[in-house]
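Just below is one structure, and these are the notes that go with it.
Please treat every number below as a calculation from the coordinates, not as lab data. This is a predicted model, so every value here is computed, not measured.
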Amino acid sequence: MSLRWLLLRSARRGIFGSAEAALWGLKSIEGNCHNFCTTVFKDVTYLELKNLLKSKSIMLIDVRETWEILEYGKIPGSVNIPLNEVGEALQMNPKDFNEKYNEVKPSKSDSLVFSCLAGERSKKALDTAISLGFNSAQHYAGGWKEWATYEYSEKKQGN
């Protein structure tokens with residue numbers, strides 16, 4: 001288990017107080033793990049995601065069902081791994097991963113970003129990845145809904 005995962009789990013169970021959080025350089029979590037969670041696991045914004053995709057420094061994993069992607073579209077450059085497959089996919093051997101998803105399997109040190117429609121499923125995928133030792137995983141809380149809204153707005157302003 002990763003240290004980040006253990007810290008998050010401890011915070012959710014209310015094990016740490018403000019003194020313990022300070023030792024880790026974190027904000028107080030008494031009564032609420034929100035500050036702790038956002039300190040340890042930073043959500044990616046639309047602009048950050050756009051820049052990360054341009055730099056090709058991340059693997060963006062869309063955890064929506066395949067039919068959703070076919071019907072509504074996807075963020076360019078994303079790989080579709082439905083939420084119910086994420087745990088198994090991240091534990092596959094590289095050859096099987098490549099055959100199933102047509103991508104190179106990420107290592108535990110690679111930067112991953114999970115997305116979905118509006119941030120709920122991507123957060124669950126993030127938790128799964130962290131529990132498996134993927135310490136550079138994040139999620140795009142805005143999801144496809146936010147991405148599509150910004151992209152439409154940018155195209156409209158560009159015309």
- Sorted by chain and then number, the residues having a modelled amide H within less than 5 Å of the amide H of His139, at least 5 places away or on another chain, are Val44, Phe114
- Query: Which of the aspartates and glutamates could a cross-linker bridge to Lys145, judged by Cα under 19 Å and excluding same-chain residues fewer than eight apart?
  - Reply: Asp43, Glu48, Asp62, Glu65, Glu68, Glu71, Glu120, Glu154
- Karplus (6.51, -1.76, 1.60) ³J(HN,Hα), θ = phi - 60°, over region 72-80, in Hz, Gly and Pro reported as x: 10, x, 8, 6, x, x, 7, 10, 8
- Task: Name the long-range amide H neighbours of Met59: under 5 Å, sequence gap of 5 or more, or other chain; modelled H, no Pro or chain starts.
- Result: Ser111, Leu112, Val113
- Message: Principal axis extents for region 46-158, Cα atoms only, whole Å, descending order, please.
- Response: 44, 27, 24
